[in-house]
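One structure is given here, and the rest of the page talks about it.
The values are calculated or read from the model by the stated rules, or taken from the named source; none is laboratory data. Keep in mind the model is a prediction, meaning the values are calculated, not measured. Please note: Cβ atoms are built from the backbone with ideal geometry, for glycine as well, and neighbour counts cover all protein chains shown. Ligands, DNA and RNA are excluded from the accessible area calculation, which covers all protein heavy atoms including side chains. Shrake-Rupley method; radii C 1.70, N 1.55, O 1.52, S 1.80 Å.
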Amino acid sequence: MPVCDLDKRAPVGKKVLGLDVVVWWDKNDNEWKVFDDRCPHRLAPLSEGRIDQRGRLQCVYHGWCFGGSGDCKLIPQAPLDGPPVHTFMKACVGVYPSTVQNGIVWFWPNTDPQYKDILTKKKPPYVPELDDPSFSFTMFNRDIPYGYEVLIENLMDPAHVPYAHHGILQATQPR
Ligand code: FES
């Protein structure tokens, strides 16, 4: 997701390779976070929630609040003198390892804790031109509701361009 398309004030939901994720700005850790877009309570999409005054991701349904590590910080309905249920593992959200490179938020598509530090070893593909001020570019994000295989098949089929994109994309004139 290009950072320029994100808003630090509100979470954004995306479906990527079949995964529903939410991207949000964690002001406490000063970085973008990518979480499972499902609240561990009753599976409401966290992308419909908000960033609360303490910089936590708050579920829109019952107000559970989560920190940048996926840890539940608050269950508003839990009695103050009861057990600390917000600390239970089942109250945590899945966190995808993520990083920013070339102005894009990247994530590793697995929340298993064994991959927590994977991005220290495996980096996203680096495009040096995107960080070179002598180059100019436009970055945008487009949701395409079909699978990777269909997209690749389409990109490998340039013969369709002058017809399917007639008048939109420049291409060699048809004979
Ligand atoms: S579904 Fe998220 S707090 Fe209840």
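I need the helices (runs of 4 or more DSSP H) fully contained in the stretch 89-175, keeping only those with at least 1 residues that are touching a Leu at 6+ places or on another chain (Cβ under 8 Å).
So the answer is 148-155, 161-164.
Restricting attention to the stretch 63-94, the residues that are under 19 Å from TRP24 (Cα atoms) and either in contact with a Pro (Cβ under 7 Å, 6 or more places away or on another chain) or open to solvent by 40 Å² or more (accessible area, probe 1.4 Å) (or both) total 8. Inclusion of CYS4 among residues that are hydrophobic (A, V, I, L, M, F, W, C) and either over 26 Å from MET139 (Cα atoms) or surrounded by 13 or more Cβ atoms within 10 Å (Cβ to Cβ) (or both) is not warranted. Being under 16 Å from the mean Cα position of the chain (by Cα), assigned by TED's automatic domain parsing to the domain that holds LYS121, crowded, with 19+ Cβ neighbours inside 10 Å and away from the ligand (no atom under 14 Å from the Cβ) is a condition met by at least one residue of the stretch 40-58. Checking every residue in the stretch 14-35 against the condition of being surrounded by fewer than 19 Cβ atoms within 10 Å (Cβ to Cβ), within 12 Å of the ligand (Cβ to nearest atom) and in a loop (DSSP other than H, G, I, E, B) gives zero matches. Which of the residues spanning the stretch 127-143 are out of contact with any helix residue (DSSP H, G or I) (no Cβ under 9 Å at 6 or more places or on another chain) and surrounded by 10 or more Cβ atoms within 10 Å (Cβ to Cβ)? Matches in the stretch 127-143: VAL127, GLU129, LEU130, ASP131, ASP132.
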